[in-house]
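In what follows, a structure is listed as structure tokens, so that the remarks can point back to it.
The values are calculated or read from the model by the stated rules, or taken from the named source; none is laboratory data. Here the structure is a predicted model, which is why all the values come from computation and not from measurement. Cβ placement follows ideal geometry from the backbone for every residue including glycine, while neighbour counts extend to all protein chains displayed.
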Amino acid sequence: MGYCLRIQICFAEDKKIHVTTPADDDGWTPKTPTQPIATMSTYGEELRATALRLSTPGKGVLAADESTGTIGKRLASIGLENTLEHRVALRTLLFTASGWEEYVSGVIMFDETIRSTGKSDGVSFVEELTKRGVVPGIKVDAGVVALPGSEDETTTGGLDGLGARCKEYYELGARFAKWRAVMNINPARGFPSELAVRENANGLARYASICQANGLVPIVEPEILMDGSHSIEVCFETTKRVLDAVFSALRLHGVAMDGMILKPNMVTPGSSCGQDTTDQQIADMTVLALRDTVPPSVPGILFLSGGQTEEQATERLRLMNTGGIARRPWTLSFSYGRALQASCLKAWGGKTENVAAAQEVFVARAKANSEASIAA
């Protein structure tokens with residue numbers, strides 16, 4: 001006679017797994033609930049407090065986590081060579097601007113940056129941020145890699161050794177981290193494929209669980225690129241599909257929702273679509289997509305700018321916070337890189353005599369987005 005083993009797994013609100021197994025051939029005997037998959041007993045209150053700080057109404061996060069190659073492109077646009085001296089000079093310009101901390105709650109840094117000191121005073125960037133009341137953060141992913149089994153789609157590398165890296169970054173002063181997963185929309189090719197959605201969702205969830213176990217608040221960033229000719233309606237449905245998968249995976253991995261931050265794309269038509277959409281329509285459809293998928297216990301949703309102009313990113317954020325679409329009680333704010341730095345970089349031009357003027361431009365952009373993130 002053959003035997004069939006049945007295992008029933010139920011997820012309850014306390015994020016514990018309840019497992020029932022057959023007591024004998026005739027019935028089921030419930031077992032004592034197991035411990036949570038990922039415990040926050042060591043860092044729980046600290047993680048919640050940090051997540052709330054990052055979600056402070058009227059403040060957002062500066063994404064200054066460009067890799068060495070990416071920041072090289074920024075520097076090249078103003079005629080500067082990609083050297084450590086120039087990279088440090090740009091970070092020093094941003095981090096020492098007068099009053100910017102009134103509008104920014106945290107800064108995402110690259111590995112080189114979190115280990116660096118300022119250009120002239122020898123104060124580490126972590127110390128500079130901390131004394132201003134700004135939370136230091138760190139990018140921990142290793143960038144996109146090809147996704148086996150799906151032509152031209154990607155996943156994100158960096159899970160190997162992530163726990164040890166998170167522990168080291170915590171000791172260096174970081175209190176939150178960021179991991180970016182990238183997906184494309186191409187209806188003709190079926191992108192994003194189910195494989196890409198699931199693989200990237202699981203990668204984000206594993207990262208988030210490892211971060212929380214090591215004291216870092218995870219910023220979860222599933223980015224759907226603007227590239228393509230798809231309509232805003234297609235982006236809306238794809239965004240909901242991706243966020244559903246991401247939060248299902250986060251729950252499965254025992255991630256505490258009140259100790260994380262979401263960094264999503266806004267719902268927009270593809271950059272080559274040509275569809276006539278308004279900023280209000282983009283704002284409304286973005287809020288609707290989030291309302292259908294994001295648990296209310298997530299304290300903050302901090303948007304990426306993702307190819308939008310500085311003005312577009314600010315105005316659409318403002319409309320989300322002042323529009324008529326009812327929303328759950330998250331903070332809707334910004335985690336911008338280029339949309340905070342582009343004008344500043346141009347004003348600087350790599351010249352010492354322009355630093356003060358460039359800092360004023362940077363602070364003005366931060367202030368504009370701060371005002372846009374305050375609900376009416």
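A few comments on the model shown:
- Of all the listed residues (LEU147, LEU172, LEU195), the sole one being of a type outside the set (Val, Ile, Thr) and either under 21 Å from HIS230 (Cα atoms) or modelled with pLDDT under 95 (or both) is LEU195.
- Filter pass, LEU345 being within 28 Å of ILE232 (Cα to Cα), at pLDDT 95 or above and buried (at least 16 other Cβ atoms within 10 Å of the Cβ): no
- Residue check, ARG115 within 20 Å of PHE176 (Cβ to Cβ), exposed (fewer than 15 other Cβ atoms within 10 Å of the Cβ) and either touching a Ser or Thr at 6+ places or on another chain (Cβ under 9 Å) or modelled with pLDDT of 95 or more (or both): yes
- When we screen VAL220, VAL234 for residues that are surrounded by 24 or more Cβ atoms within 10 Å (Cβ to Cβ) and either among the hydrophobic types (A, V, I, L, M, F, W, C) or in the same structural domain as VAL140 (by TED's automatic domain parsing) (or both), the only hit is VAL220.
- Single residue of VAL197, VAL140, VAL126, VAL144 found to be closer than 16 Å to MET260 by Cβ and of a type in the set (Val, Ile, Thr): VAL140
- Residue match in region 115-131 (condition: closer than 25 Å to GLU223 by Cβ and without any contact (Cβ under 8 Å) to a residue 60 or more places away in the chain): yes
- Checked against the criterion of being under 21 Å from the mean Cα position of the chain (by Cα) and among the hydroxyl-bearing types (Ser, Thr, Tyr), the candidates SER124, SER67 yield just one match: SER67.
- Qualifying position, being in contact with a Gly (Cβ under 6 Å, 6 or more places away or on another chain), under 18 Å from PHE125 (Cα atoms) and hydroxyl-bearing (Ser, Thr, Tyr), among THR83, THR92, THR96, THR68: THR92
- The listed residues are SER370, SER333, and the only one of them that is farther than 24 Å from PRO269 by Cα, hydroxyl-bearing (Ser, Thr, Tyr) and either crowded, with 17+ Cβ neighbours inside 10 Å or not assigned by TED's automatic domain parsing to the domain that holds LEU243 (or both) turns out to be SER370.
- So ASN354, is it surrounded by fewer than 18 Cβ atoms within 10 Å (Cβ to Cβ) and either charged (D, E, K, R) or not in a loop (DSSP other than H, G, I, E, B) (or both): yes
- Cβ separations smaller than 6 Å between residues 6+ apart or across chains give the following pairs from region 97-108 residues that are free of Cβ contacts under 8 Å to residues at least 60 places away in the same chain to residues that are crowded, with 22+ Cβ neighbours inside 10 Å and part of a helix (DSSP H, G or I): SER105/LEU54; VAL107/LEU129.
- Exactly one residue out of VAL144, VAL104, VAL123 is within 26 Å of THR331 (Cα to Cα) and of a type in the set (Val, Ile, Thr): that is VAL104.
- Subset of region 175-195 that is of a type outside the set (Lys, Arg) and under 15 Å from GLY143 (Cα atoms) - its residue that is surrounded by the fewest Cβ atoms within 10 Å (Cβ to Cβ): VAL182
- ALA64 being under 18 Å from LEU340 (Cα atoms), in contact with a helix residue (DSSP H, G or I) (Cβ under 7 Å, 6 or more places away or on another chain), at pLDDT 95 or above and crowded, with 21+ Cβ neighbours inside 10 Å: yes
- Taken over region 161-193, residues that are assigned to a loop (DSSP other than H, G, I, E, B) and under 20 Å from the mean Cα position of the chain (by Cα) amount to 6.
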